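The values are calculated or read from the model by the stated rules, or taken from the named source; none is laboratory data. Because the structure is a prediction, the values reported are computed rather than measured. Here the Cβ is made from the backbone with ideal geometry for all residues, glycine too, and neighbour counts use every protein chain on show. Just so you know, the surface numbers come from the protein's heavy atoms only, side chains and all, with ligands and any DNA or RNA stripped out. Shrake-Rupley method; radii C 1.70, N 1.55, O 1.52, S 1.80 Å.
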Amino acid sequence: VQLQASGGGSVQAGGSLRLSCGDPLRAFSGYGLGWFRQAPGKEREFVASVEWNGNSTYYRDSVKGRFTISRDIAKSTVSLQMNSLDPEDTAIYYCVAGTLARRMVHNDGMIFWGKGTLVTVSS
């Protein structure tokens with residue numbers, strides 16, 4: 001069982017990156033999927049999540065209007081399009097599976113963490 005995250009990198013402020021996460025074994029097809037992040041010296045925090053059917057999405061306030069999470073059920077992937085990036089977005093981003101996407105908003109119900117991918121935004 002694994003969640004394979006990719007797409008991290010370095011970008012200047014105002015730029016864009018797209019993170020992707022694959023569930024090759026379809027182990028989490030009936031679960032919520034989402035992204036958390038952890039910046040240096042800070043606690044890990046919720047970023048965005050999407051329900052198993054892709055119909056409901058949730059975001060932390062600071063990324064609303066800039067980030068978009070989407071789920072491709074056929075390909076068993078979840079993506080995070082990040083636009084208008086800010087140095088405050090610099091962190092390691094983790095793809096996470098949870099029982100329900102709406103619970104993940106409250107740091108609850110996570111069942112599996114993938115390896116992180118680093119996003120660095122320079123000013």
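Take ASP61: with every protein chain present and a 1.4 Å probe, its accessible area is about 120 Å².
A straight Cα-to-Cα reach below 16 Å connects LYS75 with the aspartates and glutamates ASP23, GLU51, residues fewer than 8 places away in its own chain not being considered.
Taking N as the residue count of the stretch 76-123, its C-alpha radius of gyration divided by 2.2 N^0.38 Å amounts to 1.31.
Using a 1.4 angstrom probe on the protein heavy atoms only, could you order GLU43, GLU88, GLU51 from most to least accessible area?
Working: GLU43 155, GLU88 125, GLU51 15 Å².
Sorted by accessible area, descending: GLU43, GLU88, GLU51.
Per residue, the average separation of C-alpha pairs within less than 8 Å and at least 6 apart gives the chain a relative contact order of 35 percent. Using a probe of 1.4 Å, the accessible surface attributed to TYR31 totals some 80 Å² when neighbouring protein chains are kept in position.
Sorting LEU100, LEU19 on solvent-accessible area from highest to lowest, probe radius 1.4 Å, gives LEU100, LEU19. Temperature 20 °C, viscosity 1.002 mPa s: under these conditions the Stokes-Einstein estimate for the stretch 8-87, based on its Kirkwood radius over C-alpha pairs, is 161 µm² per second. Rounded to the nearest 10 square angstrom, LYS75 shows an accessible area of 150 square angstrom against a 1.4 Å probe.
Evaluate the charge dipole of the chain about its Cα centre and quote only its size in Debye, nearest 20, assuming +1 on the Cβ of each Lys and Arg and -1 on the Cβ of each Asp and Glu.
Working: 13 positive and 10 negative charges, 40 e Å.
Roughly 200 debye for the chain.
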